[in-house]
Amino acid sequence: MADDDMQGLLLMPEERIRPGLSAIIPVRRALEKVAREAGCTMAELCMRYALSYPAVASVLTGVDTPEQMRENLRVAAVGPLPAAVLERVRACVPVLPESLVRPALWGR
């Protein structure tokens, strides 16, 4: 699997999404709209979404540069999404097939 594959379908450039995974594109576009309207990036929306659940003890992120680390620390300090944004995110994401949410299956 190429390094870009590990970015995940929500953050990789749309043109790199394989045809078999294109069902995620409408979801991504809806989430991108929510992120824009909330004044944040998709990466920030995703991280803050994970931080919005009290049952989540840690959010693991990968970084390639010191700047990415600083950005992740900044986003973590901002904290969870406001309730209204969290609800909008939930409304955008239907139940997705396992083939879209498990990167190990993307090449199949």
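Screening Gly79 with (1) surrounded by 13 or more Cβ atoms within 10 Å (Cβ to Cβ); (2) at positive phi; (3) of a type outside the set (A, V, I, L, M) gives one miss only, at (1).
Taken as a whole, the structure leaves Ala38 outside the set of residues that are surrounded by fewer than 11 Cβ atoms within 10 Å (Cβ to Cβ) and more than 17 Å from Leu9 (Cβ to Cβ). The set of residues from the range 76-108 being basic (Lys, Arg) and either farther than 15 Å from Pro19 by Cα or at pLDDT 95 or above (or both) comprises Arg88, Arg90, Arg102.
The values are calculated or read from the model by the stated rules, or taken from the named source; none is laboratory data. Only a predicted model underlies this, so the values are computations on that prediction, with no experimental measurement involved. Methodologically, a virtual Cβ is constructed for each residue, glycine included, from the backbone with ideal geometry; neighbour enumeration extends over all protein chains shown.
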